[in-house]
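Below is one structure, written out as structure tokens, with a few remarks after it.
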Amino acid sequence: MTEPKDFSLSCPVPAGDGGQILMAHGGGGKVMADLIEKVFMPAFDSAALRERHDASVVTVEGTRLAFTTDSFVVHPLFFPGGDIGSLAVNGTVNDLAMAGAKPMFLSAGFILEEGLPIETLSRVAASMGAAAKAAGVQFVTGDTKVVDRGKGDGVYVNTAGIGLVEGSVDVAPRRVRPGDAVIVSGDLGRHGMAVMALRESLEFQSAIESDCAPLWTPVEALLKGGIDIHCLRDLTRGGLSAALNEIAAAAKVNVRVEEAAIPVREDVRAACEILGLDPLYAANEGRFVAFVPKVQAEKAVAILRAQPVSQGACRIGEISDTPGSFVTLRTALGADRALDLLSGEQMPRIC
């Protein structure tokens, strides 16, 4: 590994008195959760928002639709295994899939910085078009704004998506219950390490590429296979830890997971150790956690492993029957420790 110049990491514990927006407010940790609770929920409170899901499901004249929106500020714009364009498409269709919805339509909003090369924007747009085609969705509307040079960092992308929830499908945090099995769809941490390696000019012996990919296909396979999916959550900002803590808080359950069962590639684990990071908090863009009845866990894992994007799926824990709303990790040494949210994030602007 070559020695990086001016290497720096974002401290997970933010400074400040709480009176200003910090980078940590976008990190998927405790500080962001506090911002949502104190600012956004009082202003925008609705039954759909109180579901605390990746996408809200609404009924329009008897048809159930899932609706979601997301913004992408990743730096750099292009990274091994993806770019801001493919990330924007996959991130949005995956939020729809996590609600059990078939992704159908997308919007795209661009905030462009004066001076951005047209060639760069063309690459991003082409990547978005290719990713949409691969995910089976269409762009149907969009918007473009330009800001002064030096005030936009190239390009920011906002996407919104609409998906169809068919039949009696009901995938939501409130359905998680004691005895559910916890399953992850594959190895963790590759997206975060791919972006970090490029951002900090690090070179590792093996190439680490982002896992950025659409996730509706494995979710659809679970539904068609008769799996009673209680909840799904994609493992983006804050990684596996953030997702488990969000579900534990929303469903008011205790989650127990086994460190030895959680799949992390050796090159990703080594990179995290070198950088002092924890792969359980690293962002992913092609992985999700599923909560299913214990009796269906083995079948669910087999179905997921039959799909290329989730062939590394495995069961990592279960929902305990003890009261509370927290996450416990059984370490490789056999000790239990709390797997809590970070105050901020290990690395900002990862998506």
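Rule-based calculations on the coordinates, nothing more; no lab input. All values derive from a computational prediction rather than experimental measurement. Cβ placement follows ideal geometry from the backbone for every residue including glycine, while neighbour counts extend to all protein chains displayed.
A Förster radius of 30 Å combined with the Cβ-Cβ distance from D148 to M41 puts the calculated FRET efficiency at roughly 0.35. Summarising the label geometry, the points placed 7 Å from Cα in the beta-carbon direction at K133 and S107 lie 2.6 nm from one another. Relative contact order of the chain, taken over Cα pairs closer than 8 Å and 6 or more residues apart, is 25 percent. Distances between placed amide hydrogens fall under 5 Å for G27 paired with M32, all partners being 5 or more residues away or on another chain. Extending 7 Å from Cα along the Cβ direction at R305 and again at V60 yields two label points whose distance is 4.1 nm. Here's how it looks for V73: its modeled amide H is under 5 Å from those of C351, which are all 5 or more places away or on a different chain. Phi angles across segment 247-263 convert, under the Karplus curve 6.51 cos²θ - 1.76 cosθ + 1.60 with θ = phi - 60°, into 3J(HN,Hα) values of 5, 4, 5, 5, 8, 6, 9, 9, 10, 10, 10, 9, 4, 5, 8, 7, x Hz, Gly and Pro given as x. Compactness of the chain, taken as the C-alpha radius of gyration over 2.2 N^0.38 Å, stands at 0.96. Eigenvalues of the alpha-carbon gyration tensor of segment 145-214, scaled by 5 and square-rooted, set the equivalent ellipsoid semi-axes at 34, 25, 11 angstrom, largest first. Short to long, the 5 Å bins of the Cα pair-distance histogram for segment 139-272 hold 2, 7, 13, 15, 16, 16, 13, 10, 6, 2, 0 percent of all pairs. The tail of the calculated P(r) for segment 55-164, taken as Cα-Cα distances beyond 18 Å, holds 48 percent of the pairs. Among beta bridges identified by DSSP and lying wholly in the chain, the antiparallel ones come to about 75 percent.
Over the chain, DSSP H runs of length four or greater, each weighted -39,500 (n - 2.57), average out per residue to a 222 nm ellipticity of -8000 deg cm²/dmol. Here the simple spin-label model places points 7 Å from the Cα toward Cβ, and for E200 and S122 these points are separated by 3.6 nm. How large is log10 I(q)/I(0) at q = 0.13, 0.15 Å⁻¹ when the Debye formula is applied to the Cα atoms of segment 77-128, each weighted equally and without solvent? Ignoring solvent entirely, the Cα scatterers give -0.37, -0.48. The alpha carbon gyration tensor of segment 270-351 gives principal lengths a ≥ b ≥ c with a/c of 1.5 or higher and a/b no greater than b/c, which makes the shape oblate.
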